[in-house]
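Notes follow once the structure below has been shown.
The values are calculated or read from the model by the stated rules, or taken from the named source; none is laboratory data. Owing to the predicted nature of the structure, the values given are computational and were not obtained by experimental measurement. Here Cβ is always computed from backbone atoms with ideal geometry, including for glycine, and neighbour counts include all displayed protein chains. Ligands, DNA and RNA are stripped out before the accessible areas are found, and what is left, the full protein with its side chains, is counted by its heavy atoms. Shrake-Rupley method; radii C 1.70, N 1.55, O 1.52, S 1.80 Å.
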Amino acid sequence: MNNNILIVGGGPAGMEAAGMLQRLGYNTMLVERSSKLGGHLAAWDRLFPKGLQAKETLDRLTAGINGVKYFLDTDINSINILDDSFNVILSNGITILAKAVLIATGFDLFKAEKKEEYGYGIYDRVITNADLEAYYKTGKSDTIQNPKSIGFVHCVGSRDEKVGNLSCSKVCCATAVKQACEIKQRFPEAQVYSFYMDLRMFGRYYEDLYLEAQKKYGIRFIRGRVSEVSEKEDKSLLVKAEDTLSSKPIKVSVDLLVLMAGIRPAEAGKRVGRMLHLSNEEDGFFSTKDTIRDLQMSKIPGLFFAGTCTGPKTIPETLNDAKSAAMEIDEYIKQNFPDRK
Amino acid sequence: MTDFGYSINTSSRMNLDDFDKESFDKLAEMEPDVRKCMACGSCTASCTAGKFHETSLRSAILALQNGQEGKAIDFLKGCMLCGKCTMVCPRGINTRHLILSILKVYGTK
């Protein structure tokens, strides 16, 4: 009797769960549609709250999946739910009969060009958090040339009914503060503004990060959502917002504007969800079996979730979620297939 | 000028490009904790002078950051240096020293 488990998505959640399940003795297979493992983590430079190298975490995850069979550049062509297993056909022609399937399809960053008033894709010096992270990672950028003033715009594509996302993306506040400190490390003379609605520094060490940003780096936090951005002749940008703490509109010129694009459910994950007729909540992320205890379970027996496909999560939260999912799968197999070995 | 029967108000929009960085850095050198304010409003809420005259350290700090130095001084005019705000500040700012430092850097007397 086979003890195959299929994991859809090779980001941090999929990798962490894959490693654990492999160590628990299952024949674990991982399917990743892009050409490398690691998801968004692989594109990131350093991680909040303590500035750990993303690569360090990725290297540990990679070491952890030793023995796991994984397929890169591979999509799911179809999934059929059988009596007590799943028949999955991959785009590379391989068919897998799996006892359990773990959905770890993650997220897409909100497409910042949808907020046209911020000018991403229109003005040269408007970039996103991902663009800035790529600059930190490579040290190369055509747009970042010794900026004298820099603005960070929180909640781009989050808490915004007009773009179809009412919810908070959870990780952008801490990311913005981290990135603001990092830009000050590179350009100590620059004036840095952070436009926020609420600063949601909920996690351990986050408040310290905020305090450090204020005290050590002198980041100016402005409570107000940026309403519009325009480009001047010299390519610098004029940013308009309200300073809601003094109830006055403000304007400020910046040489670089960083948009904190939020977390949206991955399109590729939605496609897999449709194959399985999975339901999702109003926020677009998959519905879990309940909202308190069974966060890694779907309503389909044998089908599980891990990571941000069920809503925004930090990296540590994602890894914990993946570990929980692995334990849930182990329990499910033991209960339903007692003679599996 | 011809009286058209109406006038144009100047814009109330504040321009952060007018922010006096040099003076603020000087202030931050005297009292680094000025950067620690998170605008909670505890100081304003506990202010004994605030009952009679608009007094608010939070607003004063904000006004300085917005390049409105005159306004900042106005927000501190009623202060009697009683020190109640020091007791309530969650970030542990020495508010009395901060107020005195603001007056030293930005005050005219």
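Some notes on this structure:
- Members of region A:125-144 found to be open to solvent by 30 Å² or more (accessible area, probe 1.4 Å), touching a residue at least 24 places away in the same chain (Cβ under 8 Å) and part of a loop (DSSP other than H, G, I, E, B), listed by number: A:ARG125, A:THR143
- Flag for A:ILE79 being more than 22 Å from the chain's Cα centre (by Cα), open to solvent by less than 50 Å² (accessible area, probe 1.4 Å) and closer than 22 Å to A:SER34 by Cβ: yes
- Strands (runs of 3 or more DSSP E) within region A:53-122 that include 1 or more residues closer than 29 Å to A:ASP283 by Cβ: A:76-81, A:86-90, A:95-98, A:100-103, A:107-109
- Qualifying residue in region A:233-240 (condition: away from chain B (no Cβ under 14 Å) and without any contact (Cβ under 8 Å) to a residue 40 or more places away in the chain): yes
- Only one of A:VAL192, A:VAL163 that is open to solvent by 10 Å² or more (accessible area, probe 1.4 Å), without any contact (Cβ under 8 Å) to a residue 60 or more places away in the chain and out of contact with any Asp or Glu (no Cβ under 9 Å at 6 or more places or on another chain): A:VAL163
- Residue in region A:243-262 that is least open to solvent (accessible area, probe 1.4 Å), counting only those that are more than 7 Å from chain B (Cβ to nearest Cβ) and without any contact (Cβ under 8 Å) to a residue 40 or more places away in the chain: A:THR244
- Matching residues, region B:70-109, being more than 28 Å from B:MET14 (Cβ to Cβ), open to solvent by less than 70 Å² (accessible area, probe 1.4 Å) and not in a helix (DSSP H, G or I): B:LEU81, B:GLY83, B:GLY92
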